[in-house]
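Data block below; observations after.
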Amino acid sequence: MSTQTPKLQTTDRTDTGKGAARRARRDGLVPAVLYGHGADPKHLLLPKLELAAILRANGTNAIIDLELGGQSQLALTKQVDVHPIRNYIEHLDLLIVKRGEKVTVEVPLLIEGEPAPGGLLIQDANSLLIEAEALHIPENIVVSAEGLAAGTNVVAGDLELPKGATLVSADDTLVISISEAKSTESDSDDAAAASAEEAAE
């Protein structure tokens, strides 16, 4: 995640219907809503290319410094709606945040390493909820599978979280498990046995 807070110019969105949203997207703008801290929701339009670049560089938990009519407002990308087929950003939910404030976010897991020989890694969770300072949200949480033996389970409470982050998901949330890999020799024996049975019938 970038160490500098990216800036983004915004435009007030006066029309909020589906037709207006389609026209905005044709003009290279993404409809968005900004809310939080008791403020009335603000309907905005954001430049598509600049927004996409920010999300690529900072992930979906990006903190953006929005320019609102000459004023600056920090916001967290709370929800990004992407078209399921054409893969463009349809809409964005932004949450107002303050410097030093802690926020609850979903952070993806990054699995590293290989289990011990004979072990098969199964990933049971793709992300975890954590609480972190708004300007220091980790890009991912590393989970090490290096050398883990078959029968090992790793739960959320076992993980070392990035500095300043605390776990919100339940401690016993299963993250990865190591099962016993079936040997190819055993597979060959099973296949040979099945062929022999078919031939005998």
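How much FRET efficiency would the formula 1/(1 + (r/R0)^6) give for residue 112 and residue 150, where r is the Cβ-Cβ distance and R0 is 25 Å, rounded to 0.05? Rounded to the nearest 0.05, the efficiency is 0.85. Once both labels are positioned 7 Å from their Cα atoms along Cα-to-Cβ, the gap between residue 37 and residue 86 label points is 3.5 nm.
Please sort by residue number the trypsin sites (Lys or Arg not before Pro) in segment 92-132 whose DSSP state is loop and whose Cβ has at most 10 other Cβ atoms within 10 Å. Before the final figure, lay out each step's value.
Values: sites: 98, 99, 102; in loops: 98, 99.
The qualifying sites are 99.
How much net charge surrounds residue 26 when only other residues with a Cβ under 14 Å from its Cβ are counted (Lys, Arg +1; Asp, Glu -1)? Display every interim value, and only then the final one.
Numbers: positive: 18, 22, 23, 25, 48, 86; negative: 15, 27, 90.
Cβ neighbours under 14 Å give a net charge of +3.
Legend: residues 144, 177, sorted from most to least accessible area (1.4 Å probe; ligands, DNA and RNA excluded), read 144, 177. DSSP finds beta bridges in the chain, and of those with both partners inside it, around 80 percent are antiparallel.
Less than 30 Å apart at the alpha-carbon level, and either on another chain or at least 8 residues along: which lysines does that give for residue 102? By straight Cα distance, residue 102 reaches 7, 42, 48, 78, 163.
Figure note: 7, 18 ranked by solvent-accessible area, largest first, 1.4 Å probe, ligands and nucleic acids not counted: 18, 7.
Using the beta-carbon distance between residue 9 and residue 129 and R0 = 35 Å, what value does 1/(1 + (r/R0)^6) give for FRET efficiency, to the nearest 0.05? If you can, show how the numbers build up before the last one.
On the way: r = 32 Å, r/R0 = 0.90.
After rounding to 0.05, the efficiency reads 0.65.
Between segment 97-111 and segment 135-150, what is the separation of their alpha carbon centroids in Å? Each part reduced to its Cα centre gives a spacing of 16 Å.
Axis of helix 184-200 versus longest Cα principal axis of the chain: the two differ by about 60°, to the nearest ten degrees.
Give the carbon-plus-sulfur fraction of the accessible surface of the chain in %, rounded to a whole number; probe 1.4 Å, heavy atoms of protein chains only. Could the numbers behind the result be given before it?
Values: 5780 of 11990 Å².
Ligands and nucleic acids excluded, carbon and sulfur reach 48 percent.
Accessible surface area normalised per residue over the chain is 60 Å², counting heavy atoms of protein chains with a 1.4 Å rolling probe.
Using DSSP to define loop residues, name the GluC sites (Glu not before Pro) in segment 79-160 whose beta-carbon has at most 16 other beta-carbon atoms within 10 Å. Walk me through the numbers before you get to the answer.
Working: sites: 90, 101, 106, 112, 131, 133, 139, 146, 160; in loops: 101, 139, 146, 160.
Qualifying residues, ordered by number: 101, 139, 146, 160.
Rolled with a 1.4 Å probe across the full set of protein chains, the surface gives residue 16 an accessible area near 80 Å².
Assuming R0 = 30 Å, what is the FRET efficiency of residue 23 and residue 71, from their Cβ-Cβ distance, to the nearest 0.05? Write down the numbers at each step before the final one.
On the way: r = 27 Å, r/R0 = 0.88.
Once the sixth-power term is evaluated, E becomes 0.70.
The magnitude of the dipole of the chain, with charges of +1 and -1 set on the Cβ of Lys/Arg and Asp/Glu and taken from the Cα centre, is near 2020 debye.
The values are calculated or read from the model by the stated rules, or taken from the named source; none is laboratory data. The structure displayed is predicted, hence computed values, not measured ones. Because the Cβ atoms are built from the backbone with ideal geometry, glycine has one as well, and the counts that use them run over all protein chains shown. Heads up: the accessible areas ignore ligands, DNA and RNA and are worked out on the full protein's heavy atoms, side chains in. Shrake-Rupley method; radii C 1.70, N 1.55, O 1.52, S 1.80 Å.
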